[in-house]
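**Q** First the structure, which I've put down as C-alpha coordinates, then a few questions once you've had a look.
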Amino acid sequence: MLSLGDYVVIVGSLIAVYAAARKGRASDTSGYLLAGRTLTLPLFVATLVATWYGAVLGSGEFILRNGVSFILCFGLPYYVVAVAYAAFLAKRVHASQTVSIPDQFGRVFGPGGRTVSAVLLLIITTPASYQLMMGILLTNLFHVPLLVGIIIGTGVSVAYVLVGGLRSDVYANTVQVVLMYAGMALLVGFAVFTYGHPVKMWDALPPASRGIPGNIGWSGVLGWFIIALQTCIDPNFYVRTLAAKSSRIASRGLAVSVACWMIFDLLQLTAGLYMLAYAPDTNPTTSYLSFAMSLLPSAFRGLFVASLLAAVMSTLDGYALSSATMLAHDILPDGVWA
(Lines give C-alpha, C1' and ligand atoms only; values in the text may rest on other atoms or scores of the structure.)
Protein backbone atom coordinates (compact mmCIF):
# COMPACT_ATOMS: atom_id res chain seq x y z
CA MET A 1 0.00 0.00 0.00
CA LEU A 2 1.47 3.33 -1.05
CA SER A 3 1.51 6.21 1.40
CA LEU A 4 1.27 9.94 0.79
CA GLY A 5 5.06 10.14 1.03
CA ASP A 6 5.37 7.48 -1.69
CA TYR A 7 3.08 9.43 -4.00
CA VAL A 8 5.09 12.61 -3.41
CA VAL A 9 8.31 10.83 -4.40
CA ILE A 10 6.75 9.22 -7.49
CA VAL A 11 5.20 12.46 -8.71
CA GLY A 12 8.41 14.35 -7.96
CA SER A 13 10.45 11.88 -10.02
CA LEU A 14 8.07 12.22 -12.96
CA ILE A 15 8.30 15.99 -12.77
CA ALA A 16 12.11 15.71 -12.81
CA VAL A 17 11.97 13.48 -15.91
CA TYR A 18 9.64 15.86 -17.74
CA ALA A 19 11.69 18.90 -16.72
CA ALA A 20 14.85 17.27 -18.10
CA ALA A 21 13.07 16.31 -21.33
CA ARG A 22 11.97 19.93 -21.89
CA LYS A 23 15.66 20.93 -22.11
CA GLY A 24 15.99 18.77 -25.21
CA ARG A 25 13.57 20.52 -27.56
CA ALA A 26 14.47 19.95 -31.21
CA SER A 27 14.28 22.64 -33.89
CA ASP A 28 14.86 20.47 -36.98
CA THR A 29 14.64 16.90 -38.27
CA SER A 30 18.24 16.06 -37.36
CA GLY A 31 17.68 17.25 -33.82
CA TYR A 32 14.45 15.31 -33.52
CA LEU A 33 15.66 12.00 -34.95
CA LEU A 34 19.38 12.04 -34.07
CA ALA A 35 19.74 14.73 -31.38
CA GLY A 36 21.78 16.71 -33.90
CA ARG A 37 24.48 14.00 -33.72
CA THR A 38 25.98 15.81 -30.73
CA LEU A 39 25.83 13.22 -27.92
CA THR A 40 28.80 13.44 -25.58
CA LEU A 41 30.14 10.39 -23.76
CA PRO A 42 28.09 10.90 -20.53
CA LEU A 43 24.85 11.49 -22.47
CA PHE A 44 25.52 8.53 -24.77
CA VAL A 45 26.13 6.18 -21.82
CA ALA A 46 23.14 7.48 -19.85
CA THR A 47 20.69 7.02 -22.71
CA LEU A 48 22.01 3.62 -23.81
CA VAL A 49 22.04 2.20 -20.29
CA ALA A 50 18.57 3.54 -19.50
CA THR A 51 16.97 2.10 -22.64
CA TRP A 52 18.36 -1.39 -22.04
CA TYR A 53 16.42 -2.40 -18.91
CA GLY A 54 12.75 -2.24 -19.77
CA ALA A 55 12.20 -5.88 -18.85
CA VAL A 56 13.26 -5.37 -15.24
CA LEU A 57 10.28 -7.31 -13.85
CA GLY A 58 11.20 -10.14 -16.20
CA SER A 59 14.67 -10.19 -14.67
CA GLY A 60 13.19 -10.71 -11.21
CA GLU A 61 10.93 -13.48 -12.47
CA PHE A 62 13.86 -15.23 -14.17
CA ILE A 63 15.94 -15.15 -10.98
CA LEU A 64 13.05 -16.53 -8.95
CA ARG A 65 12.80 -19.45 -11.36
CA ASN A 66 16.45 -20.03 -12.29
CA GLY A 67 18.74 -18.41 -9.72
CA VAL A 68 22.29 -17.35 -10.59
CA SER A 69 22.06 -18.60 -14.17
CA PHE A 70 20.42 -15.19 -14.74
CA ILE A 71 23.87 -13.73 -15.36
CA LEU A 72 24.59 -16.31 -18.07
CA CYS A 73 21.35 -15.52 -19.90
CA PHE A 74 20.37 -11.91 -19.23
CA GLY A 75 23.92 -10.62 -18.79
CA LEU A 76 26.92 -12.29 -20.43
CA PRO A 77 25.46 -12.75 -23.95
CA TYR A 78 24.59 -9.06 -24.19
CA TYR A 79 27.98 -7.96 -22.86
CA VAL A 80 29.74 -10.05 -25.52
CA VAL A 81 27.55 -8.79 -28.36
CA ALA A 82 27.81 -5.16 -27.22
CA VAL A 83 31.62 -5.36 -27.07
CA ALA A 84 31.63 -6.88 -30.57
CA TYR A 85 29.31 -4.08 -31.74
CA ALA A 86 31.72 -1.50 -30.34
CA ALA A 87 34.70 -3.17 -32.00
CA PHE A 88 33.30 -3.99 -35.43
CA LEU A 89 30.11 -2.02 -36.11
CA ALA A 90 30.10 1.28 -34.21
CA LYS A 91 32.52 3.08 -36.51
CA ARG A 92 30.74 1.87 -39.66
CA VAL A 93 27.31 2.75 -38.32
CA HIS A 94 28.42 6.24 -37.31
CA ALA A 95 29.96 6.85 -40.73
CA SER A 96 26.88 5.65 -42.61
CA GLN A 97 25.07 9.02 -42.42
CA THR A 98 21.72 7.21 -42.47
CA VAL A 99 18.73 7.83 -40.23
CA SER A 100 17.68 4.24 -39.56
CA ILE A 101 18.56 0.62 -40.29
CA PRO A 102 15.94 0.40 -43.08
CA ASP A 103 17.48 3.55 -44.56
CA GLN A 104 20.79 1.69 -44.80
CA PHE A 105 19.03 -1.30 -46.38
CA GLY A 106 17.50 1.07 -48.91
CA ARG A 107 20.88 2.34 -50.00
CA VAL A 108 22.03 -1.19 -50.75
CA PHE A 109 18.85 -2.96 -51.92
CA GLY A 110 16.66 -0.10 -53.09
CA PRO A 111 13.22 1.15 -51.94
CA GLY A 112 11.76 -2.36 -51.74
CA GLY A 113 14.49 -3.55 -49.39
CA ARG A 114 14.03 -0.45 -47.28
CA THR A 115 10.29 -1.03 -46.89
CA VAL A 116 10.55 -4.77 -46.19
CA SER A 117 13.29 -4.29 -43.58
CA ALA A 118 11.28 -1.52 -41.91
CA VAL A 119 8.19 -3.71 -41.63
CA LEU A 120 10.22 -6.61 -40.21
CA LEU A 121 11.95 -4.35 -37.69
CA LEU A 122 8.64 -2.86 -36.62
CA ILE A 123 7.45 -6.38 -35.81
CA ILE A 124 10.65 -7.35 -34.01
CA THR A 125 11.09 -4.17 -31.97
CA THR A 126 7.50 -3.25 -31.18
CA PRO A 127 7.19 -1.68 -27.70
CA ALA A 128 4.09 -3.80 -26.94
CA SER A 129 5.82 -5.88 -24.24
CA TYR A 130 6.88 -2.73 -22.40
CA GLN A 131 3.40 -1.27 -22.73
CA LEU A 132 2.08 -4.44 -21.10
CA MET A 133 4.68 -4.14 -18.33
CA MET A 134 3.64 -0.56 -17.67
CA GLY A 135 0.04 -1.75 -17.52
CA ILE A 136 0.95 -4.48 -15.02
CA LEU A 137 2.81 -1.97 -12.83
CA LEU A 138 -0.03 0.55 -12.81
CA THR A 139 -2.63 -2.17 -12.26
CA ASN A 140 -0.81 -3.45 -9.19
CA LEU A 141 -0.01 0.01 -7.84
CA PHE A 142 -3.26 1.85 -8.44
CA HIS A 143 -5.76 -1.00 -9.03
CA VAL A 144 -6.89 0.24 -12.43
CA PRO A 145 -7.98 -2.20 -15.18
CA LEU A 146 -5.05 -3.54 -17.21
CA LEU A 147 -6.16 -1.86 -20.44
CA VAL A 148 -6.47 1.48 -18.65
CA GLY A 149 -3.01 0.98 -17.16
CA ILE A 150 -1.55 0.24 -20.60
CA ILE A 151 -3.14 3.34 -22.12
CA ILE A 152 -2.11 5.66 -19.29
CA GLY A 153 1.37 4.15 -19.04
CA THR A 154 1.96 4.50 -22.77
CA GLY A 155 0.71 8.08 -22.79
CA VAL A 156 2.90 9.11 -19.86
CA SER A 157 5.93 7.36 -21.38
CA VAL A 158 5.81 8.92 -24.84
CA ALA A 159 4.42 12.38 -24.05
CA TYR A 160 7.77 13.90 -23.18
CA VAL A 161 9.44 12.83 -26.46
CA LEU A 162 6.71 14.11 -28.79
CA VAL A 163 8.13 17.63 -29.04
CA GLY A 164 11.86 17.03 -28.75
CA GLY A 165 12.28 13.50 -30.14
CA LEU A 166 15.58 11.79 -29.38
CA ARG A 167 17.06 14.93 -27.85
CA SER A 168 14.28 15.04 -25.24
CA ASP A 169 14.57 11.30 -24.72
CA VAL A 170 18.30 11.55 -24.01
CA TYR A 171 17.86 14.28 -21.40
CA ALA A 172 15.02 12.36 -19.76
CA ASN A 173 17.22 9.25 -19.68
CA THR A 174 19.84 11.08 -17.61
CA VAL A 175 17.30 11.37 -14.79
CA GLN A 176 15.84 7.92 -15.34
CA VAL A 177 19.19 6.14 -15.15
CA VAL A 178 19.90 7.74 -11.76
CA LEU A 179 16.49 6.62 -10.50
CA MET A 180 17.09 3.08 -11.76
CA TYR A 181 20.38 2.61 -9.94
CA ALA A 182 19.18 4.38 -6.79
CA GLY A 183 16.06 2.24 -6.54
CA MET A 184 17.78 -1.10 -7.08
CA ALA A 185 20.65 -0.19 -4.74
CA LEU A 186 18.06 0.80 -2.13
CA LEU A 187 16.34 -2.58 -2.39
CA VAL A 188 19.64 -4.42 -2.03
CA GLY A 189 20.63 -2.28 0.94
CA PHE A 190 17.40 -2.92 2.82
CA ALA A 191 17.58 -6.63 2.00
CA VAL A 192 21.07 -6.85 3.52
CA PHE A 193 19.98 -4.81 6.54
CA THR A 194 16.87 -6.97 7.08
CA TYR A 195 18.13 -10.48 6.34
CA GLY A 196 21.89 -10.33 6.88
CA HIS A 197 25.03 -10.35 4.78
CA PRO A 198 25.20 -12.00 1.32
CA VAL A 199 27.05 -15.10 2.57
CA LYS A 200 24.15 -15.86 4.90
CA MET A 201 21.74 -15.28 2.03
CA TRP A 202 23.74 -17.63 -0.21
CA ASP A 203 23.47 -20.41 2.34
CA ALA A 204 19.70 -19.92 2.52
CA LEU A 205 19.21 -20.36 -1.23
CA PRO A 206 17.76 -23.59 -2.66
CA PRO A 207 20.72 -25.66 -3.91
CA ALA A 208 19.33 -25.84 -7.46
CA SER A 209 19.37 -22.03 -7.76
CA ARG A 210 23.11 -21.85 -7.04
CA GLY A 211 24.17 -24.16 -9.85
CA ILE A 212 25.66 -23.24 -13.23
CA PRO A 213 23.99 -23.47 -15.71
CA GLY A 214 21.10 -24.45 -13.41
CA ASN A 215 17.70 -25.57 -14.59
CA ILE A 216 18.04 -23.89 -17.96
CA GLY A 217 20.95 -26.06 -19.16
CA TRP A 218 23.76 -25.20 -21.54
CA SER A 219 21.47 -25.42 -24.55
CA GLY A 220 19.28 -22.77 -22.94
CA VAL A 221 22.31 -20.55 -22.34
CA LEU A 222 23.29 -20.95 -26.00
CA GLY A 223 19.77 -19.92 -26.95
CA TRP A 224 20.20 -16.67 -25.04
CA PHE A 225 23.46 -15.97 -26.87
CA ILE A 226 21.54 -16.34 -30.13
CA ILE A 227 18.77 -14.04 -28.84
CA ALA A 228 21.39 -11.46 -27.85
CA LEU A 229 22.47 -11.18 -31.50
CA GLN A 230 19.30 -9.12 -32.00
CA THR A 231 21.37 -6.30 -30.51
CA CYS A 232 23.06 -5.95 -33.92
CA ILE A 233 19.75 -4.79 -35.43
CA ASP A 234 18.38 -3.05 -32.36
CA PRO A 235 17.18 0.42 -33.43
CA ASN A 236 18.00 1.96 -30.04
CA PHE A 237 21.63 0.86 -30.42
CA TYR A 238 21.76 2.02 -34.02
CA VAL A 239 20.23 5.46 -33.58
CA ARG A 240 22.31 6.27 -30.49
CA THR A 241 25.49 5.22 -32.25
CA LEU A 242 24.52 7.56 -35.10
CA ALA A 243 23.72 10.33 -32.64
CA ALA A 244 27.12 10.21 -30.92
CA LYS A 245 29.37 13.19 -31.53
CA SER A 246 32.05 10.91 -32.99
CA SER A 247 32.64 7.22 -33.68
CA ARG A 248 35.22 7.24 -30.90
CA ILE A 249 32.58 8.37 -28.40
CA ALA A 250 30.22 5.66 -29.66
CA SER A 251 32.83 2.89 -29.29
CA ARG A 252 34.02 4.07 -25.88
CA GLY A 253 30.46 4.69 -24.76
CA LEU A 254 29.46 1.12 -25.58
CA ALA A 255 32.37 -0.20 -23.52
CA VAL A 256 31.45 2.02 -20.57
CA SER A 257 27.80 1.00 -20.93
CA VAL A 258 28.77 -2.68 -20.64
CA ALA A 259 30.54 -1.90 -17.36
CA CYS A 260 27.43 -0.05 -16.15
CA TRP A 261 25.20 -2.97 -17.17
CA MET A 262 27.40 -5.32 -15.16
CA ILE A 263 26.89 -3.20 -12.05
CA PHE A 264 23.14 -2.98 -12.53
CA ASP A 265 22.89 -6.71 -13.25
CA LEU A 266 24.83 -7.42 -10.06
CA LEU A 267 22.32 -5.30 -8.15
CA GLN A 268 19.41 -7.06 -9.85
CA LEU A 269 20.89 -10.49 -9.17
CA THR A 270 21.61 -9.72 -5.52
CA ALA A 271 18.10 -8.36 -4.92
CA GLY A 272 16.61 -11.31 -6.76
CA LEU A 273 18.58 -13.86 -4.77
CA TYR A 274 17.49 -12.28 -1.49
CA MET A 275 13.94 -12.48 -2.78
CA LEU A 276 14.44 -16.15 -3.69
CA ALA A 277 16.03 -16.98 -0.34
CA TYR A 278 13.65 -15.16 2.00
CA ALA A 279 10.48 -14.49 -0.01
CA PRO A 280 10.25 -17.42 -2.46
CA ASP A 281 6.45 -17.12 -2.66
CA THR A 282 6.69 -13.64 -4.22
CA ASN A 283 4.45 -13.29 -7.27
CA PRO A 284 6.85 -13.85 -10.23
CA THR A 285 4.84 -11.54 -12.46
CA THR A 286 5.49 -8.54 -10.23
CA SER A 287 8.73 -9.88 -8.67
CA TYR A 288 10.78 -6.88 -7.47
CA LEU A 289 7.69 -4.72 -6.97
CA SER A 290 6.05 -7.20 -4.59
CA PHE A 291 9.32 -7.78 -2.73
CA ALA A 292 9.94 -4.05 -2.34
CA MET A 293 6.41 -3.36 -1.11
CA SER A 294 6.88 -5.92 1.67
CA LEU A 295 10.39 -4.79 2.60
CA LEU A 296 10.74 -1.03 2.20
CA PRO A 297 9.29 1.66 4.48
CA SER A 298 7.20 4.60 3.32
CA ALA A 299 8.83 7.05 0.88
CA PHE A 300 11.51 4.49 0.09
CA ARG A 301 8.79 2.41 -1.55
CA GLY A 302 7.96 5.44 -3.67
CA LEU A 303 11.57 5.78 -4.80
CA PHE A 304 11.71 2.13 -5.80
CA VAL A 305 8.43 2.40 -7.69
CA ALA A 306 9.84 5.47 -9.45
CA SER A 307 12.92 3.45 -10.41
CA LEU A 308 10.79 0.68 -11.95
CA LEU A 309 8.70 3.21 -13.84
CA ALA A 310 11.88 4.90 -15.08
CA ALA A 311 13.32 1.60 -16.32
CA VAL A 312 10.20 0.66 -18.27
CA MET A 313 9.40 4.17 -19.53
CA SER A 314 12.92 4.75 -20.86
CA THR A 315 12.76 1.60 -22.97
CA LEU A 316 9.14 2.01 -24.05
CA ASP A 317 9.65 5.54 -25.34
CA GLY A 318 12.92 4.56 -27.03
CA TYR A 319 11.29 1.82 -29.05
CA ALA A 320 8.19 3.93 -29.68
CA LEU A 321 10.35 6.71 -31.10
CA SER A 322 12.32 4.25 -33.26
CA SER A 323 9.12 2.65 -34.51
CA ALA A 324 7.62 6.05 -35.34
CA THR A 325 10.80 7.00 -37.19
CA MET A 326 10.73 3.85 -39.31
CA LEU A 327 7.03 4.28 -40.01
CA ALA A 328 7.31 7.92 -41.08
CA HIS A 329 10.75 7.84 -42.70
CA ASP A 330 10.91 4.37 -44.26
CA ILE A 331 7.36 3.17 -44.88
CA LEU A 332 5.13 6.19 -45.53
CA PRO A 333 5.55 8.08 -48.80
CA ASP A 334 8.51 10.42 -49.16
CA GLY A 335 8.01 13.95 -47.98
CA VAL A 336 6.51 13.21 -44.57
CA TRP A 337 9.50 14.79 -42.86
CA ALA A 338 9.91 17.54 -45.37
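**Q** Can you tell me the 0 to 90 degree angle between the C-alpha axis of helix 41-50 and the longest principal axis of the chain, rounded to 10?
**A** 60
**Q** Which residue fluctuates the most in the chain, going by a Gaussian network model with Cα springs under 10 Å, if the choices are 134, 313, 201?
**A** Of the options given, 201 has the highest mean-square fluctuation.
**Q** Please calculate how many Å² of accessible area the chain carries per residue, with a 1.4 Å probe and no DNA, RNA or ligand atoms counted. Numbers along the way, then the final one.
**A** On the way: 14150 Å² over 338 residues.
I get 42 Å² per residue for this part.
**Q** To continue, here is another question. FRET efficiency for residue 328 and residue 185, Cβ-Cβ distance as r, R0 = 45 Å, nearest 0.05? Numbers along the way, then the final one.
**A** On the way: r = 39 Å, r/R0 = 0.86.
Working from the Cβ atoms, E equals 0.70.
**Q** With the full set of protein chains in place, find how many percent of the accessible area of the stretch 264-306 is carbon and sulfur; take the probe as 1.4 Å. Intermediate values should be presented prior to the final figure.
**A** Numbers: 810 of 1320 Å².
Reported share for carbon and sulfur atoms: 62 percent.
**Q** Count charges around residue 183 for me, please; just the other residues with Cβ under 14 Å from its Cβ, Lys/Arg as +1, Asp/Glu as -1. Working shown, then result.
**A** Numbers: positive: 301; negative: 6.
Result for the neighbourhood of residue 183: 0.
**Q** If Lys and Arg each add +1 and Asp and Glu each add -1, what is the summed charge of the other residues whose beta carbon sits under 14 Å from the beta carbon of residue 318?
**A** Local charge sum for residue 318: -1.
**Q** Could you work out the helix-only [θ] at 222 nm for the chain, with each DSSP H run of four or more residues adding -39,500 (n - 2.57) and the total divided by the number of residues, to the nearest 500 deg cm²/dmol?
**A** On the way: 16 runs with 245 residues, N = 338.
Dividing the helical sum by the residues of the chain leaves -24000 deg cm²/dmol.
**Q** While we're on this one: Please list, or write none, the aspartates and glutamates whose alpha carbon is within less than 20 Å of the alpha carbon of residue 91, excluding same-chain residues fewer than 8 places away.
**A** Straight-distance partners of residue 91: 103, 234.
The values are calculated or read from the model by the stated rules, or taken from the named source; none is laboratory data. Computed from a predicted structure; not experimentally measured. Note: ideal-geometry Cβ built from the backbone for every residue, glycine included; neighbour counts use all protein chains shown. Areas reflect the complete protein model, heavy atoms only, side chains present, ligands, DNA and RNA absent. Shrake-Rupley method; radii C 1.70, N 1.55, O 1.52, S 1.80 Å.
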